[in-house]
Amino acid sequence: QYLAAGIALGAVADGVTVRLSTQLPASAGDVWGRLLQKDTFLYIIRGWLTVKNSDTWPATLFLPATTFVMQIRPFGIGPVSSHSVHVIRVDQAAREIETEENGQFVTSWNHQMRVETSPGNQSRYTDCIHLKAGLLTPPVWLFACLFYRSRQRRLRTLLAEDDKVKKP
C-alpha cells in the first residue's frame, strides 16, 4: 500500500511518460508526409476529441514555431476546454516532431512523434508523451494510454486505405 501511494504521489509531482510504438504498412516517407497534415490529425483523433476551431488551422499543421489552440470536448460531451499546442521542433531528416502542450486540465503535455524506416517498405511510428496534470495525472495518464493506442490504430487504417487507392 505504501508503494502504491508513493508511485501515485510521484506521478502527481513529477508527471508520467507514455511511450507507444507500432509498425505501419507504409514507407517512412509516406507516413511522415501524412503525419504533418491537419486532415490526418483530425482523422486520428475523431471520436476521442471534438475540435471546434480546426477550420482556422493550416493544411500542414506541424511546422516549426507554429502554435495552435484547440477548443476541445473529450468524446464530444461536456464543456469545451482550451488546449494549446506549440510546435518546438520538426526535423525532416530524423522524421521527428516535438510539441509542448498545455490546457485547462493539463499542466504540461510534451509530445514527441518519430517515424523510422523498417524492412519491407514499412515503418515504425512512436509517440512519447510526458504529461503532468496535478491530482488528475493518473486518470489523464490512462486516457493518454488509450488515446494514443487508438490514434496509432487509426493511422494504420488510414495508411491501409491510402494503399488501396494507390493500387489499381
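For the chain, what % of the accessible area comes from carbon and sulfur atoms, probe 1.4 Å?
58 percent
Kirkwood-based Rg over Rh for the range 55-118 (C-alpha set), two decimals?
So for the range 55-118, dividing Rg by the Kirkwood Rh gives 1.03.
State, to one decimal in nm, how far the label point of T126 lies from the label point of L20, with both points 7 Å from Cα in the Cβ direction.
Taking the two extended label points, one gets 1.6 nm.
Between the range 115-159 and the range 39-64, how many Å separate their Cα centres?
Computed from Cα coordinates, the inter-centre distance equals 16 Å.
Given the rule -39500 (n - 2.57) for each run of at least 4 DSSP H residues, summed and divided by the residues of the chain, what is its mean residue ellipticity at 222 nm, to the nearest 500 deg cm²/dmol?
Value at 222 nm, helices only, nearest 500: -11500 deg cm²/dmol.
So for the chain, considering every pair of alpha-carbon atoms, how many percent are separated by more than 27 Å?
27 percent
Counting heavy atoms of the protein chains only and a 1.4 Å probe, report the per residue accessible area for the chain as a whole number of Å².
54 Å²
Mind listing the long-range amide H neighbours of A133? Cut-off is under 5 Å, sequence gap 5 or more, other chains count too, H placed in the peptide plane at 1.01 Å from N.
HN-HN under 5 Å from A133: T107.
So if I place +1 on the C-beta of Lys and Arg and -1 on the C-beta of Asp and Glu, and nothing else carries charge, what would the dipole magnitude of the chain be about its Cα centre? I want it in debye, nearest 20.
480 debye
Given R₀ = 25 Å, what would the calculated FRET efficiency be for H86 paired with A59, taking r from the Cβ atoms and rounding to 0.05?
After rounding to 0.05, the efficiency reads 0.85.
Filter the chain for me: DSSP H helices, axial length by Cα at least 15 angstrom, mean Kyte-Doolittle hydropathy not below -1.0. List them by residue number.
In the chain, the long hydrophobic H runs are 2-14, 137-166.
The values are calculated or read from the model by the stated rules, or taken from the named source; none is laboratory data. Just so it is clear, the model here is predicted, and its values are computed rather than measured. Virtual Cβ from ideal backbone geometry, glycine too; neighbours counted across all protein chains shown. Areas reflect the complete protein model, heavy atoms only, side chains present, ligands, DNA and RNA absent. Shrake-Rupley method; radii C 1.70, N 1.55, O 1.52, S 1.80 Å.
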